[in-house]
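Undergrad: Sharing a structure below in structure tokens format, with a few things to ask.
The values are calculated or read from the model by the stated rules, or taken from the named source; none is laboratory data. Bear in mind the structure is a predicted one, so any value in this text is a computation, not a measurement. Virtual Cβ from ideal backbone geometry, glycine too; neighbours counted across all protein chains shown.
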Amino acid sequence: MAEGKQDPWYEEISGTEGGGTNGGGSTIEPDTIVLKENKASAEDVENNVSDKWVDAALLFAVKEGIKHTSITDIDLKPTDVKNTFTVSLTWVDDKGVEKTTLDPTPIVIEGEIVLTEEQVIDGANTTAGMITGALLNKAIDTFGGLFKRITIPNGTKDSDGDSIEIVEGYEVDNNGMKLLYGDNVLYTRSADDAYTFIGDKVEYRKHIKNFYVTFTTVGDTNVTFTGGTLTLSNTDTQDEVPYTSSSNIPAGNYALYGNNVDNVKFINNKFTKIHIEKNETQTNADNMFLGLGLMTTFTANANTFGNVTSLFNTWKECKGITSFPKIDTSNVVILSGTWWFCTNLKSFPMIDTSSVTNMYSGWRNCTSLLSFPKIDTSKVNRIYAAWYICTNLTSFPALDMSRVTDAGYLWGSCTSLVIIEGVINDGTPPGVVVNMFYETDALTRPTAAEQNTILNGGTYHI
């Protein structure tokens, strides 16, 4: 065929020769397509982008002398420049031979498209709200797969059932489609429509699991747990393997994460560093870190023990830690032996003990403690030996003992203790009081007479 303008359709798509407008009078800019306000709905995509893309392609076709009715496919091919494509036309010539022609003028796709939940899940999977390779492909291909970013709705799930609400979109470049979390690339889409995880798995999993712990171990060890599922990831190699309770963990740096676990325990004294990022479903943390004397660093986010009701012996004999993070203990009832024999613990934060009834030996033998905050003991009935042998304490804040029935050895062998600021009683002797002030020879307040008042259920304050 001769020049494309011999095709009667040429004037409809291009306007007057050199005019560069379509039949509706809007300017066609085949080298740049920009979405309105940098975002677009599905309707915007169809009306504002797809038409321009097709118009640009067909305009190129008629310029090349290709009859528009002979075109069987229009596609965009990525270039070496991000978000930049060339138009590919597949057409059939007069002899019935299929041919492909590339427009040398690149098209830049800029902007963002936001998909609704219905658009994401429609027809892509039998389980609503689940992201699979097929679903991602459909969502992307439905809208041309051309956009700088496609945002999927919050609450959408991936094929493992994990929430991917933190995934913010897709991005196109010469390597194909990418699934994004912020500016971090998580997945790439290959030619066979498979999705390969290339992002920081550890960082990503942190946002989608309800249990997430990182740690360093210097030798073979293991972790036990009940319920739920866990995955072990080497944070140096990012290799992931399913983790079953009590499975061996060799020396290295790891992240352990999963959903809906309880009764988690770190076994064997090989851990040197532990950080609790998330711990949303555990209710029983008894013995969780018992005997980890080599651990010198323990950190945790503030809300990580919010559902825990029992911390029996949880950090007992963790002799290497010198400080402790403020955690959520608002639901804890049992605080017995929790920091017993943490002999290098020098400071302790204010924590919520408003639900605690049992503080038996809670900080016993914390011989390096220099001070202690004023905590809520209004519901505590057993406080036996709670600060027994805390030999470096020199003062102690006022303590509510109004419900205490067992206070034996409470400050026993606190040999440096000089002042206790007050004791609140309800007038009833606090049951067991044997050796409550045993070996506190440095104590100046309460005096011997004031101590006797306390032992008989009276209130004392400076």
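Undergrad: Within region 297-337, which residues are out of contact with any strand residue (DSSP E or B) (no Cβ under 6 Å at 6 or more places or on another chain) and of a type in the set (Ser, Thr, Tyr)?
TA: Result: THR309, THR314, THR322, SER323, THR329, SER330.
Undergrad: Scan (1) in contact with a Pro (Cβ under 6 Å, 6 or more places away or on another chain); (2) closer than 22 Å to LEU455 by Cα for the single condition TYR384 breaks and write down its number.
TA: Unmet for TYR384, out of (1) in contact with a Pro (Cβ under 6 Å, 6 or more places away or on another chain); (2) closer than 22 Å to LEU455 by Cα: (1).
Undergrad: State whether the residues of region 211-230 include one that is part of a loop (DSSP other than H, G, I, E, B), of a type in the set (Gly, Ala, Ser), in contact (Cβ under 8 Å) with a residue 24 or more places away in the chain and surrounded by 16 or more Cβ atoms within 10 Å (Cβ to Cβ).
TA: yes
Undergrad: Inspect region 413-425 for any residue being in a loop (DSSP other than H, G, I, E, B), touching a Pro at 6+ places or on another chain (Cβ under 6 Å) and either at pLDDT 95 or above or of a type in the set (Lys, Arg) (or both) and give the result as yes or no.
TA: Yes: region 413-425 contains one or more residues that are in a loop (DSSP other than H, G, I, E, B), touching a Pro at 6+ places or on another chain (Cβ under 6 Å) and either at pLDDT 95 or above or of a type in the set (Lys, Arg) (or both).
Undergrad: Sort out which residues of region 290-331 are under 25 Å from the mean Cα position of the chain (by Cα), part of a loop (DSSP other than H, G, I, E, B) and more than 20 Å from THR353 (Cα to Cα), and write them in order of number.
TA: MET295, THR296
Undergrad: Kindly provide the set of residues from region 399-412 that are of a type in the set (A, V, I, L, M, F, W, C), farther than 13 Å from THR367 by Cα and in a loop (DSSP other than H, G, I, E, B), ordered by number.
TA: Those that are of a type in the set (A, V, I, L, M, F, W, C), farther than 13 Å from THR367 by Cα and in a loop (DSSP other than H, G, I, E, B): MET401, VAL404, ALA407, LEU410.
Undergrad: If you don't mind, there's one more thing I want to ask. Out of all the residues in region 365-372, is one or more surrounded by 17 or more Cβ atoms within 10 Å (Cβ to Cβ) and under 21 Å from ASP286 (Cα atoms)?
TA: Scanning region 365-372, I find at least one residue that is surrounded by 17 or more Cβ atoms within 10 Å (Cβ to Cβ) and under 21 Å from ASP286 (Cα atoms), so the answer is yes.
Undergrad: Considering ILE267, ILE249, ILE274, which residue is in contact (Cβ under 8 Å) with a residue 12 or more places away in the chain and within 18 Å of the chain's Cα centre (by Cα)?
TA: Residue meeting the stated conditions: ILE274.
Undergrad: OK, next. Are any residues in region 255-264 buried (at least 19 other Cβ atoms within 10 Å of the Cβ) and more than 14 Å from the chain's Cα centre (by Cα), and if so, which ones?
TA: VAL261, VAL264, listed by residue number.
Undergrad: Just one of (1) surrounded by fewer than 17 Cβ atoms within 10 Å (Cβ to Cβ); (2) within 19 Å of TYR360 (Cα to Cα) trips up PHE396, so point out which.
TA: Every listed condition holds for PHE396 apart from (1).
Undergrad: I need every pair where a residue in region 437-462 that is without any contact (Cβ under 8 Å) to a residue 24 or more places away in the chain has its Cβ under 8 Å from the Cβ of a residue that is assigned to a strand (DSSP E or B) and hydroxyl-bearing (Ser, Thr, Tyr), sequence separation at least 6 or different chains.
TA: Cβ pairs passing all conditions: GLU450/TYR460; THR453/TYR460.
Undergrad: Let me ask something else about it. Return the residues of region 270-286 that are surrounded by fewer than 21 Cβ atoms within 10 Å (Cβ to Cβ), modelled with pLDDT of 95 or more and part of a loop (DSSP other than H, G, I, E, B); say none if nothing qualifies.
TA: Those that are surrounded by fewer than 21 Cβ atoms within 10 Å (Cβ to Cβ), modelled with pLDDT of 95 or more and part of a loop (DSSP other than H, G, I, E, B): LYS270, THR283, ASP286.
Undergrad: Could you list all residues from region 294-315 that are surrounded by 21 or more Cβ atoms within 10 Å (Cβ to Cβ) and either β-branched (Val, Ile, Thr) or touching a Lys or Arg at 6+ places or on another chain (Cβ under 9 Å) (or both)?
TA: If the condition is that a residue be surrounded by 21 or more Cβ atoms within 10 Å (Cβ to Cβ) and either β-branched (Val, Ile, Thr) or touching a Lys or Arg at 6+ places or on another chain (Cβ under 9 Å) (or both), then MET295, PHE298, THR304, VAL308, THR314 are the ones that fit.
Undergrad: Among ARG382, ARG403, which is the only one that is closer than 16 Å to MET359 by Cα, among the charged types (D, E, K, R) and in contact with an Asp or Glu (Cβ under 7 Å, 6 or more places away or on another chain)?
TA: Only one candidate qualifies: ARG382.
Undergrad: If you don't mind, another one. Could you list, in sequence order, the residues of region 231-250 that are surrounded by 13 or more Cβ atoms within 10 Å (Cβ to Cβ) and farther than 21 Å from GLN282 by Cα?
TA: The answer is ASN234, THR235, GLN238, GLU240, ILE249.
Undergrad: Mind listing whichever residues of region 370-396 are aromatic (Phe, Trp, Tyr) and outside any loop (DSSP other than H, G, I, E, B)?
TA: PHE396
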